[in-house]
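Since the structure comes first, as structure tokens, the remarks are kept for the end.
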Amino acid sequence: MSVQEEVDGTPLPPGWSAPAHQPGAFELPTTTFRERAERTMARPFARTAIAGATDHAAELTWLKFEGVDHDGLRDQAKQIRAHAIANLPDYLEQWIDNAEANGTIVHFAADEVEARRIIAEICVDEQIASVVKSKSMASEEVSLNSALEGAGVDVFETDLGEFVVQAMGDRPGHVIAPILHRTKDEVHALFSEMAGRELPNEAEALTAFARAGLRHAFLTADGGISGGNFLIAETGEVMLVTNEGNGRLTTAAPRVHIALVGIEKVIPRRRDLPVLLPLLTGHGTGQQITTYVTITGGPRRGAEPDGPERTHVVLLDAGRSALLGGEFEEALHCIRCGACQNVCPVYRQVGGHAYGWVYGGPIGAVLTPLFRGQEEGGEVAQATTLCGACDDICPVRIPLHDLLLGLRRQRAEQAQTPRREQLAFAAWGAVWSRPRLYRASTVVGGAALRVLARGDAVSTRLPGLRRWTDGRDLLLRRGRG
């Protein structure tokens, strides 16, 4: 029996209601990084869970590539992505021609407002009352769920983690693991409330409850919305990877499939996938390959029993084309594996929500000011140690360290740094650029620290360094050697 033949008469499981909460608003313009970080750091579970999960993911990544020419694979991936982005207009044109030849209806969204409008209009034109969604960071960028719900369309996130954050009115905390910052007890309380009865507080029972309702949503939804990991130029196809099978159902079961994909996801050929796929899955979850690799090439044809009647792909720009040929073009090479988050000492402490927008960790500290502007998002580029761990693990060798330095320099040039900070660094530069003043400052500074010292450390909140010394002592080195 085909999926289409199962739809009619499928009842909603008893005691199951759809998520009723819209996602929380992005906080970037209204709060500071410190305020957002303090909320996460005030939750002991979140701090330990995020650090534990990211440590585990990073360990799995290195284990996955033992005995493999990992550096050689990364070099190939860098070349593929660099070539694709350097020739992006040509490959996009090729992809569009082939996609339309496959029967795909292609749209172009210059920004997030246009993306919301296009997809809402598709839903109206196609008489779509409900949609199922697979995991899509692009849809998070444009706040798609809120727009569709405002247009009267019921939206069901079908990735289990995304389903939980949707029902909680939350936002994903990680590119790969959306509920890294949540506990099983919180999920239990949520699902019990949705069920109207106390559910067993066991992972199997909670997953079964979600699966029963989501199966009904798959079989009754008019539309399916997905993202896309890659756009394959030579075939006009969209490739999607998932671990739960929800992506395959989202793209095949409803009568209309809509994919929202950033224009930078284009790759030249199918034969690029044996290089990029192992790196995407290995760096994302430490898997040899993800459980489901789905390649869609338009609506179903002829006598095919399954697949959508119509396929729409919305190509999202939203600041991407502005980076072409510039200092920060390499940020477009990102394949959204999340590995840089897993090794970042800042992300491990504060989590994804502290970054105030869609992306956290080093890639978030780069993309946020690039896509949202320095005035709104420039602060997060400061929230890094510049340790270089992200450079070491990036599967496509994006020089995140250099990009972060460039964004910090750009922020200073645009006078987006606080006035006190500008004056302090100007004074510091004037003093330390002169040998005599430099030597004098070290003598004065050392004497001052000895006055403030308690034993071998300065615990006092130092003027100008208060935010740094609030959380740590400044150790003093005694003697020589």
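The values are calculated or read from the model by the stated rules, or taken from the named source; none is laboratory data. Small disclaimer: the values here were computed from a predicted structure and weren't measured. Glycine also receives a Cβ, built like all others from the backbone with ideal geometry; neighbour counts cover every protein chain displayed.
Restricting the first member to segment 264-287 and to residues that are at positive phi, and the second to residues that are buried (at least 22 other Cβ atoms within 10 Å of the Cβ) and part of a helix (DSSP H, G or I), the beta-carbon pairs closer than 9 Å and six or more apart or on different chains are Gly286/Ala57; Gly286/Thr61. The numbered conditions (1) β-branched (Val, Ile, Thr); (2) more than 26 Å from the chain's Cα centre (by Cα); (3) within 26 Å of Ala322 (Cα to Cα) are all true for Val68 except (3). At least 3 residues being touching a helix residue (DSSP H, G or I) at 6+ places or on another chain (Cβ under 9 Å), of a type in the set (A, V, I, L, M) and surrounded by fewer than 23 Cβ atoms within 10 Å (Cβ to Cβ) is the threshold, and among the helices (runs of 4 or more DSSP H) wholly inside segment 88-174 those reaching it are 160-168. Among the residues making up segment 195-233, those that are closer than 15 Å to Thr296 by Cβ and of a type outside the set (A, V, I, L, M) are Gly223, Gly224, Ser226, Gly227, Gly228, Asn229, Phe230. As a summary of the residue check, Gln349 satisfies the conditions (1) crowded, with 18+ Cβ neighbours inside 10 Å; (2) over 29 Å from Pro254 (Cα atoms) except for the one numbered (1). When His83 is tested against the conditions (1) touching a residue at least 12 places away in the same chain (Cβ under 8 Å); (2) under 20 Å from the mean Cα position of the chain (by Cα), the lone failure is (2).
Those residues that are touching a His at 6+ places or on another chain (Cβ under 9 Å) and over 15 Å from Gly282 (Cα atoms), I need them from segment 55-79; list them, please. Passing the criteria: only Lys78. Within the option set Thr235, Thr207, being in contact (Cβ under 8 Å) with a residue 40 or more places away in the chain, outside any loop (DSSP other than H, G, I, E, B) and in the same structural domain as His312 (by TED's automatic domain parsing) holds for one residue only, Thr207. Of everything in segment 39-87 that is assigned to a helix (DSSP H, G or I) and of a type in the set (Asp, Glu), the residue that is surrounded by the fewest Cβ atoms within 10 Å (Cβ to Cβ) is Asp71. Looking across segment 1-37 at every residue that is of a type in the set (Asp, Glu) and loosely packed, with under 13 Cβ neighbours inside 10 Å, the one that is modelled with the lowest pLDDT is identified as Glu5. β-branched (Val, Ile, Thr) and in contact (Cβ under 8 Å) with a residue 60 or more places away in the chain: does that describe Val343? Criteria met by Val343.
Let's see how each residue does on (1) farther than 25 Å from Gln374 by Cβ; (2) modelled with pLDDT of 80 or more; (3) surrounded by 12 or more Cβ atoms within 10 Å (Cβ to Cβ):
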position	(1), (2), (3)
Ala415	no, no, no
Pro418	no, no, no
Ala424	no, yes, yes
Ser433	yes, yes, no
Arg436	yes, yes, no
Thr442	yes, yes, no
Leu452	yes, no, yes
Gly455	yes, no, no
Thr460	yes, no, yes
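Applying a threshold of 8 Å to beta carbon distances and a minimum spacing of six or more residues, or different chains, the list of pairs starting in segment 313-326 at a residue that is within 14 Å of Ile118 (Cα to Cα) and ending at one that is at pLDDT 95 or above and of a type in the set (Lys, Arg) is empty. Does Phe230 count as surrounded by 19 or more Cβ atoms within 10 Å (Cβ to Cβ) and closer than 26 Å to Val164 by Cβ? No, not satisfied.
Within segment 357-387, which residues are under 24 Å from Thr281 (Cβ atoms) and either of a type in the set (Asp, Glu) or surrounded by fewer than 24 Cβ atoms within 10 Å (Cβ to Cβ) (or both)? Residue satisfying the conditions is Val358 alone. Looking at segment 236-247, can you tell me whether even one residue there is closer than 21 Å to Asn145 by Cβ and of a type in the set (Ser, Thr, Tyr)? Yes, the conditions are met somewhere in segment 236-247. Applying the criterion of being among the acidic types (Asp, Glu) and more than 21 Å from Asn246 (Cα to Cα) to the residues of segment 111-148, the residue that is nearest to the chain's Cα centre (by Cα) is Glu112. Test Ile289 against the stated conditions and say whether it is in the same structural domain as His174 (by TED's automatic domain parsing) and either among the aliphatic types (A, V, I, L, M) or buried (at least 16 other Cβ atoms within 10 Å of the Cβ) (or both). For Ile289, the condition - in the same structural domain as His174 (by TED's automatic domain parsing) and either among the aliphatic types (A, V, I, L, M) or buried (at least 16 other Cβ atoms within 10 Å of the Cβ) (or both) - is met. Kindly evaluate Arg255 against the criterion of being without any contact (Cβ under 8 Å) to a residue 12 or more places away in the chain, at negative phi and either surrounded by fewer than 24 Cβ atoms within 10 Å (Cβ to Cβ) or not assigned by TED's automatic domain parsing to the domain that holds Thr296 (or both). Taking the combined requirement at face value, the residue does not satisfy it.
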